[in-house]
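What follows is one structure encoded as structure tokens, with my remarks underneath.
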Amino acid sequence: MTTWLITGCSTGLGRALAEAVLERGHNAVVTARDVSTVQDIADAHPDAAVAVALDVTDDGQVAAAVAAAEERFGAVDVLVNNAGYGYRAAVEEGEDAAVQQLFDTHLYGSVRTIKAVLPGMRARRSGTIVNLSSIGARISPEGSGYYAAVKAAIESLTLSLRKEVAPLGITALVVEPGGFRTEFAGRSLTQSAEPIADYADTAGKRRKENDTVHGTQKGDPAKAAAALIRVVESDDPPYMLLLGNDASDGFRAALDALRTEVDAWESVSRSTDYDD
């Protein structure tokens, strides 16, 4: 039996993961900014779950959530940084305050929780840290530059973290989901307030009023939760887990395109060293 601390459990993948973890007999600290939205999960598993209010942009609430986990269950064995939301805007349209909030939630929110659980994990020489990214970090669609950027930052952070903590018996990994049938493209999606007409045929096509994807995504959150648990419990978890056929296809296409460009410009790349 392990104890999971999962951020952003009110809907979507976070809720599906919390329910799956508990169904498999593990303990779970289920969190959301509004704790009432996850209280039903804890009430259904009174011996194995505790609901905690957690805004990952609040240092005090992060510390309190980890303290609650340790007090109730003794330790945090698995941290899943899932809390977040979407933001769409052409790069020129992005509002400074909105972009700062996006990074504070996704990137710095993950940093806060990671720093809060690592002392305990280091002391025990065990633990797993799972950071949710997105296939958007790889394919960078028009209108998702800021969201892709924050997820790419999380991926790079996680790879360095993985190398730092592996000798201590701790695992860190990234999850890149594709499109899943959650509220991500619906209620949880935000966007710039003032669209610029020149971007109507690029970023503009992906604004909420023009996007028909919500509710038609192929991804099943319950299957994603089962896959994630399987990977966490494996003997050799990967650095990156892709979830969904669209994520797998998109990743491979982006990798092939990048390799083609690297090959095309390799002679220029190799022309910049001092001559021996």
Pop a pseudo-label 7 angstrom from the Cα along the beta-carbon direction at both V268 and D104 and give the gap in nm to one decimal.
4.0 nm
Excluding same-chain residues fewer than 8 positions from K208, which aspartates and glutamates have a Cα within less than 16 Å of its Cα?
E93, E142, E183, E194
Honestly the stretch 91-232 on the Cα gyration tensor test (a ≥ b ≥ c root eigenvalues; a/c under 1.5 rounded, otherwise a/b vs b/c for prolate or oblate) is just prolate
The chain: relative contact order in percent, alpha carbon pairs under 8 Å with at least 6 residues between
19 percent
Using alpha-carbon pairs under 8 Å, 6+ residues apart, how would you state the relative contact order of the stretch 1-153 in percent?
23 percent
Counting pairwise Cα distances across the stretch 51-108, what percent come out greater than 14 angstrom?
63 percent
Rounded to the nearest whole Å², what accessible area per residue is found for the chain with the 1.4 Å probe?
51 Å²
Roughly speaking, what is the centre-to-centre gap between the stretch 196-264 and the stretch 51-120 when only Cα atoms are used, to the nearest Å?
22 Å
What list of ³J(HN,Hα) couplings, whole Hz, do you get for the stretch 33-46 from phi and the Karplus terms 6.51, -1.76, 1.60, once you set θ to phi - 60° and write x for glycine and proline?
4, 9, 4, 5, 6, 10, 4, 5, 5, 5, 5, 6, 9, x
Over all distinct Cα pairs, what is the inverse of the mean 1/r for the stretch 19-117, reported as the Kirkwood hydrodynamic radius in Å?
14.6 Å
Measure off, as a whole percent, the carbon and sulfur share of the 1.4 Å-probe accessible area of the chain, all protein chains present.
50 percent
For T190, tell me the accessible area in Å² from a 1.4 Å probe, rounded to the nearest 10.
60 Å²
Axial C-alpha extent at least 27 Å, average Kyte-Doolittle at least 0.0 - helices from the chain (DSSP)
145-165
For the stretch 32-106, what does the relative contact order come out to in percent, with C-alpha contacts under 8 Å and a separation of six or more?
22 percent
Would you mind checking the pairs K151/K218; K151/K205; K115/K205 and listing those with alpha carbons more than 29 angstrom apart?
K115/K205
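The values are calculated or read from the model by the stated rules, or taken from the named source; none is laboratory data. Predicted model, so just to flag it, every value in this text is computed and none were measured. Here the Cβ is made from the backbone with ideal geometry for all residues, glycine too, and neighbour counts use every protein chain on show. These area figures cover heavy atoms from the full protein model, side chains too; ligands, DNA and RNA do not enter into them. Shrake-Rupley method; radii C 1.70, N 1.55, O 1.52, S 1.80 Å.
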